[in-house]
């Protein structure tokens, strides 16, 4: 899958389930801040529960999809649209090639999450 950042967002990072079991060595486990939203979103598109995803705050980023993809939005509701058509959170979503995912208005929550089905290429 190939995406382009159309607009940068606030604290947009790629996160996964983290690295547990190394705190005794002084290593922070890291990983997604909203573990439940991460697991829900990943399971909605049949990924492993702790697979990598994009985690972000509002004002949120905007992305152009150069290839079709399946995604799921979870966590905060930032009024997502794909090519100006509203899309729901907590459901699998098909994004066609050359479509743009935008987040238009903070409606509920603080931290948005979206994984996608495919490789991080």
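Structural remarks
- Set side by side, the residues 76, 68, 62 differ, and just one is farther than 20 Å from residue 8 by Cβ and touching a strand residue (DSSP E or B) at 6+ places or on another chain (Cβ under 9 Å), which is 68.
- Taking the numbered list (1) part of a loop (DSSP other than H, G, I, E, B); (2) closer than 20 Å to residue 106 by Cβ in turn, residue 6 passes all entries but (1).
- Any chance residue 21 is over 23 Å from residue 2 (Cβ atoms) and in contact (Cβ under 8 Å) with a residue 24 or more places away in the chain: no
- Flag set for residue 29, criterion: farther than 13 Å from residue 113 by Cα and in contact with a helix residue (DSSP H, G or I) (Cβ under 7 Å, 6 or more places away or on another chain).
Residue by residue, here is whether (1) more than 23 Å from residue 2 (Cβ to Cβ); (2) at pLDDT below 95; (3) crowded, with 23+ Cβ neighbours inside 10 Å holds:
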site	(1), (2), (3)
44	no, no, no
52	no, yes, no
64	no, no, no
68	no, yes, no
74	no, no, yes
77	yes, no, no
92	no, no, no
101	no, no, yes
115	no, yes, yes
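The values are calculated or read from the model by the stated rules, or taken from the named source; none is laboratory data. Since we're looking at a predicted model, the values are computed, not measured. Ideal geometry is used to build each Cβ from the backbone, glycine not excepted, and the neighbour counts take in all protein chains shown.
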